[in-house]
Amino acid sequence: MFKPPWSPVLEQVADDVWVVRGDVKNGMNVYLLRDGSGVTAFDAGTKAMVKPVRKAAEQLGGLRRVVLGHADADHRGIAPYMGVPVICHPDEVTAAESEEFRNYWDLSKIEVGYARRVYPFLLSRWDGGPVQISETITEGDELCGFRVYAFPGHAPGQIGLFRESDGLAIVSDTVYFVDSSRFKPIDHPSVPHECFNWDTQKAAESVRKLAALNPKKVAAGHAEPFEAPDLVQQLLKAADAVDGKGISTAT
Ligand SMILES: [Zn+2]
């Protein structure tokens with residue numbers, strides 16, 4: 001049977017954690033976390049992922065709620081369509097409930113002309129639109145066996161999850177494992193591109209904060225979960241690559 005190149009996939013990441021990878025190059029991740037007899041989604045990917053996430057969640061007992069890692073267009077895509085409560089950090093509520101894209105984005109900073117031109121189209125296609133937030137979640141809260149951490153910088157209310165027992169960190173866009181100017185996976189962590197960041201210095205600080213947790217595996221908003229013996233050093237190197245002007249000098 002013909003299979004489109006980006007047919008969404010459901011993969012197990014760790015005990016009680018799955019990911020639905022979909023949309024462009026299957027580069028958009030929605031994590032499903034065991035939550036009693038059902039699952040909670042962490043991050044909400046793009047609008048095109050409504051069906052595959054619904055199907056995956058049904059296989060795993062049903063979707064109970066959606067928790068946004070942050071509220072950018074490619075992370076709130078399915079949220080308005082799932083018929084379950086949507087939760088985010090207090091500093092993301094306004095963005096999640098807004099029609100507008102972020103006023104701090106500056107696509108002119110994207111180095112590659114093609115990407116610069118195509119992003120407005122992609123962002124509109126990815127976005128699911130405004131979503132009503134029913135509850136908030138903050139650092140120190142517990143979610144499906146994980147501890148919630150605030151990792152502000154890419155977005156003001158960016159959060160991530162960390163599970164001490166196996167060192168798994170699920171961090172949305174706290175770090176990128178993609179070159180967002182070239183739509184290509186990269187083999188090391190990097191601070192998100194400054195054109196999409198609320199505050200790149202703070203984003204670098206948050207990557208240091210993530211490194212201090214000593215994660216064994218980092219599962220981010222884009223690309224596949226990443227592990228390496230020197231993961232912590234690689235995270236610190238990524239943070240150090242942000243210069244005094246808030247621009248990443250990493251290659
Ligand atoms: Zn993203």
Would you mind checking which residues have amide H under 5 Å from Val67's amide H? H placed 1.01 Å from N; only 5 or more apart, or other chain. Ala41, Phe42, Asp43, Ile87
Grab the Cα-Cα distance for Asn214 and Lys55, subtract it from 0.36 nm times how many residues apart they are, and report the gain in nm with one decimal. 53.9 nm
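Keeping the other protein chains in place, figure out the carbon and sulfur percent of the accessible area of the chain, with a 1.4 Å probe. Walk me through the numbers before you get to the answer.
Details: 5700 of 11100 Å².
Accessible surface attributable to carbon and sulfur in the chain totals 51 percent.
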Long-range amide H contacts for Ile186: which residues qualify at under 5 Å (H placed 1.01 Å from N, peptide plane, sequence gap of 5 or more or a different chain)? Val178, Asp179
So which of Lys47/Lys209; Lys25/Lys47; Lys184/Lys237 end up more than 25 Å apart, counting from Cα to Cα? Lys47/Lys209
Antiparallel DSSP beta bridges within segment 9-240, percent to nearest 5: 70
Among Ser172, Ser37, what's the order by accessible area (1.4 angstrom probe), most exposed first? Ser37, Ser172
Please work out how much accessible surface Leu107 shows to a 1.4 Å probe, ignoring ligands, DNA and RNA, in Å² rounded to 10. 40
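Jot down the per residue volume, in cubic angstrom and as a whole number, of the convex hull over the alpha-carbon atoms of segment 9-240. Display every interim value, and only then the final one.
Numbers: hull volume 24.5 nm³, N = 232.
For segment 9-240, the hull spanned by Cα atoms encloses 106 Å³ per residue.
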Interchain or long-range residues, amide H under 5 Å from Leu143's placed H: Val148
Find how many whole Å separate the alpha carbon centroid of segment 4-62 from the alpha carbon centroid of segment 178-194. 22
HN-Hα J in Hz across segment 103-120 - Karplus 6.51, -1.76, 1.60, θ = phi - 60°, x for Gly and Pro: 6, 8, 5, 9, 5, 5, 7, 6, 5, 8, x, 4, 5, 4, 7, 8, 4, x
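Whenever you get a sec, line up Ser124, Ser98 from highest to lowest accessible area (probe 1.4 Å, protein heavy atoms). The partial results should precede the final answer.
Numbers: Ser124 70, Ser98 30 Å².
Result, largest first: Ser124, Ser98.
The values are calculated or read from the model by the stated rules, or taken from the named source; none is laboratory data. Because the structure is predicted, anything quoted here is derived from the model rather than measured. Side chains included, ligands, DNA and RNA excluded: accessible areas come from the protein's heavy atoms. Shrake-Rupley method; radii C 1.70, N 1.55, O 1.52, S 1.80 Å.
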